[in-house]
Amino acid sequence: MKIGFIGLGHMGGPMARNLLKRGHTLKVFDMVPDAVKKLTDLGAEHATSAGKCAEGVDAVISMLPSSPHVRSVYTGGVLDSATAGTLLIDSSTIDPHTARDVAFDAKAKGFHMIDAPVSGGTGGAEAGTLTFMVGGELADFEKAKSILECMGKNIVHCGGAGNGQVAKICNNMMLAIEMIATAEGMSLAAKLGMDAKVFASIANTSSGRCWSSDTYNPYPGVLENAPASRGYTGGFGVDLMLKDLTLVTEAAKAAKHPVMLGAAAQQLYQMHSGNGNGGLDFSSIIKLYKKD
């Protein structure tokens, strides 16, 4: 297929490269010239705008920073330039209400659109092992599946438009809460004189076990391959987690639904980011409890 790809950052760049590796033809657009050059050096065509990127292609994929970017790119370019019937796939992480609004506008103009945010980080983007959480009509999900399988290995239909975003932000809210709880438990156990590795082994074979404890433990030295054991570099950044938690609290407010722990997690990550840790992995939240 010929695919337009808009947004070639840390996630979009490797995702686009995997599409090229699987034999698709790409037309690409990004505001950063170096990001574009990395793809054109591999054979992609350079588009001079988001609208131009959507012209004459079978599908458009976007990976953008925020809700306003998505709304602007689609309503200010893609929907005016693409041919009716083109498949539109937005893999940005944004609020569900914006995703539904843009999908409604797309459908009104004769386009098939899904929201397909991802999980798996930059490592998953490079390896082509991302999880896609897809919202939209089932028929459109089926059309998109073969494209998404070039970039990921777990493709899940979550229901109607916006539900991919619902799955993404609610899952990340749970992850943030679990990480904070793990950080509290690990740091307290160590403060009370227990060996961190021993405590982790107990928690991971009893009721305290969760992904944050057994796979991504925030205490340095407990897991050799976790960001905690390499100075919290790499992984999923604090500011990215803060973005998702802010989306959660805003969506909950609009739905008039309480998220007491989610709101507390958002405030803790906001404090942590404000302390100069925004570029560290989100497991570094343990620094709020462990000062050395």
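Values computed for the structure shown
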{"quantity": "Whole-Hz ³J(HN,Hα) from phi, Karplus 6.51 cos²θ - 1.76 cosθ + 1.60, for the range 255-263, glycine and proline x", "calculated": "8, 6, 10, x, 9, 4, 6, x, 5"}
{"quantity": "Student exercise, the chain dipole from Lys, Arg, Asp, Glu Cβ charges, in Debye to nearest 20", "calculated": "200 debye"}
{"quantity": "Whole-Å distance, taken between Cα centres, linking the range 143-181 and the range 77-97", "calculated": "18 Å"}
{"quantity": "The range 1-43-the range 250-292 distance, computed between alpha-carbon centres (Å)", "calculated": "33 Å"}
{"quantity": "Whichever aspartates and glutamates have a C-alpha closer than 16 Å to that of residue 197, once near sequence neighbours (fewer than 8 apart) are set aside", "calculated": "184, 214, 224"}
{"quantity": "Residue 45 long-range amide H proximity, modeled H, under 5 Å", "calculated": "26, 27, 28"}
{"quantity": "Dipole magnitude of the range 2-161, debye to nearest 20 (Cβ charges: Lys/Arg +1, Asp/Glu -1, about Cα centre)", "calculated": "280 debye"}
{"quantity": "Amide H contacts under 5 Å for residue 155, placed H, 5+ residues apart", "calculated": "132"}
{"quantity": "Phi to ³J(HN,Hα) by Karplus 6.51 cos²θ - 1.76 cosθ + 1.60 over the range 221-227, Hz, x for Gly, Pro", "calculated": "x, 6, 10, 4, 9, 7, x"}
{"quantity": "Eligible lysines near residue 21 by straight Cα distance, threshold 16 Å, same-chain separation 8 or greater", "calculated": "2, 38, 153"}
{"quantity": "Normalised contact order of the chain, rounded percent, pairs of Cα under 8 Å and 6 or more residues apart", "calculated": "13 percent"}
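We did not get these values from a lab; they are worked out from the coordinates using the rules stated. Keep in mind that this is a model prediction, so the values were computed, not measured. Backbone-built Cβ (ideal geometry, glycine too); neighbour counts: all protein chains shown.
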